[in-house]
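The values are calculated or read from the model by the stated rules, or taken from the named source; none is laboratory data. Quick caveat: nothing in here was measured; it's all calculated off a predicted structure. Side chains are part of the model used for accessible areas, which takes the heavy atoms of the whole protein and leaves out ligands, DNA and RNA. Shrake-Rupley method; radii C 1.70, N 1.55, O 1.52, S 1.80 Å.
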Amino acid sequence: MLHPTQIIAEEGQHTIFIERKFDARPEQLFTLFTEADLFIQWSKPDNTTLEVKSMNCQTGGSFLWHHIHANGSRFSFYGVYHEVLSPKSIIRTSEFRGLPDKLLPVLEVLQFEPMQDQQTKLSITIYCPHEAYRDSMLNSGMQAHFDHSFALLDTLLKSFN
């Protein structure tokens, strides 16, 4: 079943709310967010590959991954896992690297909520430093990125069944 990705950003706020249902149990979905060999198979914009340099998904751990575009350009994300509660939630910071100016990190809260019929609702709240920062993230193709990545994630989840 196709589940749409909802992205909500209320005017005057610094937050982005992302919500999506998946046909999987929370434990299955959580694993795809925390195991590097699985994460690289779905968490990438279209026409890119994902290279995970480090991914220690536990409280106090950190990550560094690079997206490499088909044209050779690359950009990176670095962050710290502040709290990882399997299979319920992940709280992490994420810092975009790849632009001439340094950007401030954002705080991301991911929640995996069990639902009926072996489904899970994923809720992601992203706290940005200010509204213009948030709007820049939204206008960089966020909807297309999540639609593409979550379609890959759905395909990967089918292989678990």
Pop out the carbon and sulfur fraction of the accessible area of the chain as a percent, whole number, probe 1.4 Å. 52 percent
Students often get this wrong, so try it: which of (i) 1.11; (ii) 1.05; (iii) 1.00 is Cα Rg over 2.2 N^0.38 Å as calculated from the structure shown? (iii)
Which value, in Å² and to the nearest 10, is the accessible area of His82 when all protein chains are kept and the probe is 1.4 Å? 100 Å²
Can you check how the C-alpha radius of gyration of region 90-161 compares to 2.2 N^0.38 Å, as a plain ratio? 1.34
Work out the P(r) tail for region 1-85: percent of alpha carbon pairs separated by more than 16 Å, whole number. 66 percent
Given only helices, namely DSSP H runs of n ≥ 4 each adding -39500 (n - 2.57), what is the per-residue ellipticity at 222 nm of the chain, to the nearest 500 deg cm²/dmol? -7000 deg cm²/dmol
Any chance you could look up the accessible area of Tyr127 with a 1.4 Å probe, heavy atoms only, rounded to 10 Å²? 110 Å²
